[in-house]
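Readers should treat all values here as calculations from the given coordinates under stated rules, not as data from a laboratory. Because the structure is a prediction, the values reported are computed rather than measured. Here the Cβ is made from the backbone with ideal geometry for all residues, glycine too, and neighbour counts use every protein chain on show.
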Amino acid sequence: MSPLVIAALVALLALVLVHVVTPYLRFLEGTPRSIWLSVAGGVSVAYVFVHFMPELAESRETVAKAAGELGLADRHVFLIALAGLLTFYGLHRLAQTSRSRREGEPVQGGRGSEGRAEASTSPRVFWIHMASFSVYNALVGYLLFHREVMTLRSLAFFATAMALHFVVTDYGLNEDDKEPYRRIGRWVLVAAVVAGWLLGLLTDVPEAAVAVLTAFLGGGVVLNVLKEEVPSERQSRFWAFAGGAAAYSALLLAL
């Protein structure tokens, strides 16, 4: 195997490990929000804005040409990023509504009051979550092989950012879906990221398609991090979030 394939396999194993162990990392639990979750969120958002977005800006002409017959402008790639953000915002609101109804309370912005047992989402919402995040995970697995810049260094930065991002999303899914996520959901997501990796290993797609996939993933990453950090009842660690973002941004710019 080539060094890039071996490195992508190591990255895949790291992402799989995150899904397996995150629901059992007790130091991430509690209020105020764990400093490590805030740092991880800052790193993944920094990667999107410092690395993803400049790449997307460079590839927008390619996407515009591929979509030319539809009459779409060169902002098409950023509209796809917005679509990714809106998709996962819709999923977040769906989970909030489902949990609130099962608790018999009005829909709120967070996950309930501290000290009270909280309901999980309904089975229907759980499977919608799993289907949507399976696509999300498959995109990450696929992009281990197909990014705008294909080097070992870019792979290391991408895999690190996505592994930390998976910690944040897994924690949120565990809070929303609870036992069904720990029993079934995390294994569904493991299968999805492995399937995406295998698809990336065996297939190749045009540059425009890579840009579209990257844009959608970038929008999803931003929303999935901010929905965990912003609500006031999380008592998030702003300085940890900002520090993680600043440190990873500096690293990306320096290397």
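Test of understanding: what is the full-extension gain from Ala57 to Ser2, defined as 0.36 nm times their sequence separation minus their Cα-Cα distance?
Details: separation 55, 0.36 × 55 = 19.80 nm, distance 2.99 nm.
That pair, Ala57 and Ser2, stretches by 16.8 nm at full extension.
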Evaluate the distance, in nm, between pseudo-label points positioned 7 Å from the Cα of Arg153 and of Leu202 along their respective Cα→Cβ axes. 3.4 nm
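Which FRET efficiency, nearest 0.05, do Leu253 and Arg124 yield, Cβ-Cβ r, R0 45 Å? Please list the in-between numbers first.
Working: r = 44 Å, r/R0 = 0.98.
That gives a FRET efficiency of 0.50.
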Starting from the 7 Å offset along Cα-to-Cβ, what nm value, one decimal, do you get for the label separation of Phe238 and Leu9? 4.7 nm
Distance in Å, no decimals, from the C-alpha centre of region 175-235 to the one of region 1-36 is 13 Å
If a/c stays under 1.5 just call it rounded; otherwise compare a/b with b/c (prolate if a/b is bigger, oblate if not). Do that for region 128-255, with a ≥ b ≥ c from the square roots of the Cα gyration tensor eigenvalues. oblate
